[in-house]
Each structure stands twice: as C-alpha cells, then as structure tokens.
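Heads up, the thing below is written out as structure tokens.
The values are calculated or read from the model by the stated rules, or taken from the named source; none is laboratory data. As the structure is a prediction and not an experimental result, all values here were calculated from the model. Ideal geometry is used to build each Cβ from the backbone, glycine not excepted, and the neighbour counts take in all protein chains shown. Heads up: the accessible areas ignore ligands, DNA and RNA and are worked out on the full protein's heavy atoms, side chains in. Shrake-Rupley method; radii C 1.70, N 1.55, O 1.52, S 1.80 Å.
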Amino acid sequence: MHPRHPAPDVPPPPPQGPPPAEPYLGSGPPTYDAEPTALPAADPDGLDDLVADTVLDGARYGTCTLRAASVRGDSARFRGEPRRDALLTARFGSGDQALILVAMATGARAVPGAHRAAAEVCRWIGRAVGRSHAQLAEDMRAARRQDLKSGLHRLTDRSLGRLRASAAEQNLAPDEYAADLRCLLLPADPACRVRVFFGVGPGGLFRLRDGAWQDIEPPVGEVAGAPVVGFGAPPAGAPEGDRLTMDLGIPAPPGPYEPAPGPPREPFRFRASLARPGDTLLMCSDGLAEPLRGEPRLPAHLARRWSEPTPPGLAGFLADVRIRVKGYADDRTAAAVWEA
C-alpha cells in the first residue's frame, strides 16, 4: 500500500467586499454626460478664484472614520459653471483634545460669485470654531447641550451676518451673495461619542443603523432624536451664563466696522446625539439629500455598500457620492462618519 499523501492546503475564499457601484439609478440614464465636459471661464488676474471639480478628504480619529467629498453637478459640468458647493475639513488641537470640523456650504443658484460666498462662510465658521476649539471640545465631553446650542447659534448668525456685510461692500443684494451652511463637530477623544450638527438651510442629516436609514434632520429650532447622555444640568461648580458664547470671542455690542448680524435667511438647526458602535452618520448638501429622499434605490444601494465592517476608502466613497440619478444634477457634498 502506498502511503496516502496529505491533501494540499486550499486557501480560503477571498472575503466578499461591498457590491460594485452602479453607473446610475432611476428610470433611465441621466441627461448629461457622466464626466466633466466644460471648464468654468478663467480670469487671468483672478486664478485664485478657480474651483476644482472635485474635492476629497478623510481621516480617522478616536472611534470614528471620516470620509468627505464635494463634486460638481452634472449640469454645471455641462455648462462650464463652477461648483457652488464648498467643503472645509479641519482639525484643531492635538491628541485626545483635538476637535474635527466639517463645514459645507452651498451658494445661491444662478448667481455669479456663488462659489465665493460658499467658500467665505466656510472659512469664517472654521476660524471661529478653531479659536474656541478647546472650550467646544470640553463642552462636548461634559454634554453641555444648551451652551453648545446657544453659542453655535450666535456663531452661525455672526458668520452669515458677515456674508451679508460682504454683499453690501460689493453693492450686491443680500440674496445675491448668500449661502446655506451645515457643520459637524467630532471630538477626537475616543471616550466621547457626542456628535454635534448645526447649520442653516436645506440639506440632509441621515443615520444608517442596523442596516436601515433614518432621516434625522432636526426640526427647525428644536433638538430632535434621542438626548445625549448627560445633557441637562451643568456639572457642579460650573459658572453661570453663556460661557461658550463668551469664549467664542463675540463682542457685545458689535464694533462699528462689524455690523450686527440680522436674522438668517433660514432658521437655525441643531442636533447633538450619542453615536452607537456600528452607526454611520451622513451630513450632505441638498444636491444629495434630494435624491436620497426621492429615489428609494439610492439609500438602499448605499446601505448595502456602507454596512460592511470596514469603511470605504476615499476612491470608493467618491464613487458612492457620484452615483447619478436621473432628474438630479446639482452639486453634491457629503461627509460620512463610521463608528467603530
């Protein structure tokens, strides 16, 4: 008898990744080409004003992984118009004390310079958050919801007020140099799972939990959804008053060269919530929020791709954000946060 040879080792099958991205969804192919057609007109003396077709960024801090992208819409690509959406991702501070800000803005439709207004308001909100990041991060760890809400409300009003002042300097009507603004604050501290959203204007805030999407866009002027653990009474010994607003460096009354902010064009929205392991939080401009609410196949497709144990890489996330839907051709800006 011949000795039996051991069976060769058979490698295990490769792990199944997310399903491939669809070229488009909806009743038929979109009207415009899938790739950019025309570049925006350039001024040789204003090249700093040019806006890239696509911006992509990402990071991993604490328990969360961030992916962010801003893409020029199909109609703007066809007409040679600049991307009206602006995206700012920034880290302030270091270590567990750091605070991550994602800000996105959309300029007014069919108005020259709309992309400049969006970029301006992102820079102003970023500057204010950066100057007060230590206090903001502390208030998030201590779950001081009212301090956060009131301070960020005033900060948003002031940023939009500066935008209106800039419109006046350019002899433009307020609506001709305006932008919607949506922001997300993420602490780098792995022990803090508080996530804060605030902003003004349309868009979307969604949460993918247990394979199902939840539309958690807060009602105007309210804090929606489950409360953050610990939100309510301040800790013993905490100073009275609106500390956060004072720390933001907002003078009262405003100086003669800085007009007092008027009411925003849209009511203020705020939400502070506690993330659970496995959640995916998505903040997006109206260009993505509308097809997510209007084409059921899009959220279903993203749920399948984003329910994998590992978040997508930058290229995969961009492909997801770019999934085209017939009838929706606006700019798209999105920031998604995967919770470990």
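Per the listing 288, 292, the residue uniquely within 12 Å of residue 213 (Cβ to Cβ) and either modelled with pLDDT of 95 or more or surrounded by 21 or more Cβ atoms within 10 Å (Cβ to Cβ) (or both) is 292.
Close contacts from the stretch 60-88, counting a first residue that is on the phi > 0 side of the Ramachandran plot and a second that is open to solvent by less than 10 Å² (accessible area, probe 1.4 Å), with Cβ to Cβ under 6 Å and a gap of 6+ residues or different chains, come to 62/188. For the structure I just gave you, tell me whether residue 91 is of a type in the set (D, E, K, R) and under 26 Å from residue 178 (Cβ atoms). Judged against the criteria, residue 91 is not a match. Among the residues making up the stretch 158-169, those that are open to solvent by 30 Å² or more (accessible area, probe 1.4 Å) and either in contact (Cβ under 8 Å) with a residue 12 or more places away in the chain or not charged (D, E, K, R) (or both) are 162, 164, 168. Residues that are aliphatic (A, V, I, L, M) and in a strand (DSSP E or B) were ranked within the stretch 307-340; the one that is surrounded by the fewest Cβ atoms within 10 Å (Cβ to Cβ) is 325. Set side by side, the residues 37, 65 differ, and just one is assigned to a loop (DSSP other than H, G, I, E, B) and of a type outside the set (Phe, Trp, Tyr), which is 37. Only one of the listed residues (59, 42, 90) is under 30 Å from residue 164 (Cα atoms) and either open to solvent by less than 60 Å² (accessible area, probe 1.4 Å) or among the polar types (S, T, N, Q) (or both). That residue is 90. Counting only strands (runs of 3 or more DSSP E) that fall entirely inside the stretch 152-211 and contain at least 2 residues that are more than 13 Å from the chain's Cα centre (by Cα), the qualifying elements are 179-187, 204-209.
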